[in-house]
Ligand code: PEP
Ligand code: MN
C-alpha cells in the first residue's frame, strides 16, 4: 500500500491495519484464467475433484473420467504427500505426477497437485497446470518464493494454525516474486472442537475477498474429515461466496491409501454437483 504512515487503530478497521502491517501490494483483479478458457474468481464456481493421492493408473483414470462426467473442471491428486507419520503412504512421487498428467490429458481436464519442496517446483510445474501449497507448507518461505517465480497458478492452502494475517503474509511472499495468480484455499483450522477433523472458518471466505481480492476456494474434505458432512459444507461454502471447491473423490473410499474416510464415492460426488449448481444459481453464479 502507498500509505507511508501507520493509521491509528481507531481510524481504520482491523483488516485494513493487517494489510498495512504486511505491506500488501495493490489488490489483484479477482478473476483470472486458471488455464485458457477456465476463469476463477468470476461468476463461475470452479469444482476441483479427485483422490487425496494418486495410487495407480486405474484409480486415477477412473476418478478422472467420473469427476469430468459429473461436472468438475479440474482434476486433483496428490503425488508428494505430507503425511503425519513417515510410515503412512507417502505418495507415488514422480510416477504419480506422470499418472496424474496422463489422466488429465486423457479426459481433457487441467490438474492440480501439491508441491512440497522448493527443489521440486520445476518438475511439478511440468506435469501440473496448477500448483498446490499444502497447509503444512504455508510458511515454507523458500517454497513460496519458488512458486512465486513460476507463471503457474498457485492454490495456497491456509495453515491449520495460521491466522488470516499469517496467511496474507504468505500471499505476499508469493506475490512479491512476481506471481499474482494465487487462489486461497480455506481447508479448516484447529480450534477447540475435536468432533470433526478441523473447523471450517467460513468467515475467511468473505473476509479474504475484502482483504486481498483474490479468489478463495474451500476444501470441505479436510475441513470436516468426514465424507457424510461434505455435501452440506460444500453448499455452505458456495453460499458464502467461495469461488470454487476442492473435493476428495475416490472410486473405492474404503480402500483409499489416504483420507478415505473423508472421500466421496463417485456416485456421491455425481449426486452432489446438481445441488451445488442450484446454490450457485441462487446467488447469481453458475457451475458450467
Ligand atoms: C491434500 O489436499 O490432500 C492435503 C494434504 O491437504 P492439506 O494440505 O490441506 O492438509
Ligand atoms: Mn487428503
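The values are calculated or read from the model by the stated rules, or taken from the named source; none is laboratory data. Predicted, not measured: the structure shown is a model, and the values here were computed from it. Reconstructed Cβ throughout: ideal geometry from the backbone, glycine too, with neighbour counts over all protein chains shown.
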### Boolean, residue 274 is over 19 Å from the mean Cα position of the chain (by Cα), under 24 Å from residue 61 (Cα atoms) and part of a loop (DSSP other than H, G, I, E, B)
no
## Note on the structure
Reported set for region 60-98 where residues are touching a residue at least 24 places away in the same chain (Cβ under 8 Å), over 23 Å from residue 267 (Cβ atoms) and either away from ligand 1 (no atom under 15 Å from the Cβ) or more than 17 Å from the chain's Cα centre (by Cα) (or both) is 83, 88, 89, 91, 92, 94, 96, 97, 98
## Note on the structure
residue 79 meets each of (1) within 13 Å of ligand 2 (Cβ to nearest atom); (2) under 30 Å from residue 274 (Cα atoms); (3) surrounded by fewer than 17 Cβ atoms within 10 Å (Cβ to Cβ) with one exception, condition (3)
### Task
Output the number of the condition that residue 178 fails; it satisfies all remaining conditions of (1) more than 16 Å from residue 81 (Cα to Cα); (2) surrounded by 21 or more Cβ atoms within 10 Å (Cβ to Cβ); (3) over 16 Å from the mean Cα position of the chain (by Cα).
(2)
### Subset of region 89-127 (residues that are more than 16 Å from ligand 2 (Cβ to nearest atom) and in contact with a strand residue (DSSP E or B) (Cβ under 8 Å, 6 or more places away or on another chain))
97, 101, 103, 104, 107, 109, 110, 121, 124, 125, 127
### Message
Here are the criteria: (1) in a loop (DSSP other than H, G, I, E, B); (2) more than 16 Å from ligand 2 (Cβ to nearest atom); (3) in contact with a strand residue (DSSP E or B) (Cβ under 7 Å, 6 or more places away or on another chain); (4) farther than 15 Å from residue 160 by Cα. Tell me which single one residue 257 does not satisfy.
### Response
(2)
#### Entry: Hits in region 102-114 - residues which are buried (at least 21 other Cβ atoms within 10 Å of the Cβ), outside any loop (DSSP other than H, G, I, E, B) and in contact with a helix residue (DSSP H, G or I) (Cβ under 7 Å, 6 or more places away or on another chain)
103, 104, 111, 113
### Summary
How many residues of region 115-148 are touching a helix residue (DSSP H, G or I) at 6+ places or on another chain (Cβ under 7 Å), in a loop (DSSP other than H, G, I, E, B) and within 12 Å of ligand 1 (Cβ to nearest atom)? The answer is 3
### Query
When both residues are 6+ apart or on different chains and their Cβ atoms are under 8 Å apart, which pairs have a first residue that lies in region 254-270 and is over 17 Å from residue 67 (Cα atoms), and a second that is part of a loop (DSSP other than H, G, I, E, B) and away from ligand 2 (no atom under 15 Å from the Cβ)?
none
### Message
Being crowded, with 20+ Cβ neighbours inside 10 Å and more than 12 Å from ligand 1 (Cβ to nearest atom) is the filter here; which residues of region 254-268 pass it?
### Response
264, 266
### Task
Please work out if residue 92 is surrounded by 22 or more Cβ atoms within 10 Å (Cβ to Cβ) and either at pLDDT 95 or above or not in a helix (DSSP H, G or I) (or both).
yes
### Query
Which one is surrounded by the fewest Cβ atoms within 10 Å (Cβ to Cβ) among residues in region 157-174 that are more than 16 Å from ligand 2 (Cβ to nearest atom) and within 17 Å of residue 215 (Cβ to Cβ)?
172
### Task
Quick one: which helices (runs of 4 or more DSSP H) lie wholly within region 149-242 and hold at least 1 residues that are within 13 Å of ligand 1 (Cβ to nearest atom) and either modelled with pLDDT of 95 or more or in contact with a helix residue (DSSP H, G or I) (Cβ under 6 Å, 6 or more places away or on another chain) (or both)?
164-175, 220-224
### Residue list for region 202-235, filter: in contact (Cβ under 8 Å) with a residue 12 or more places away in the chain, away from ligand 2 (no atom under 14 Å from the Cβ) and within 13 Å of residue 272 (Cβ to Cβ)
229, 231, 233, 234, 235
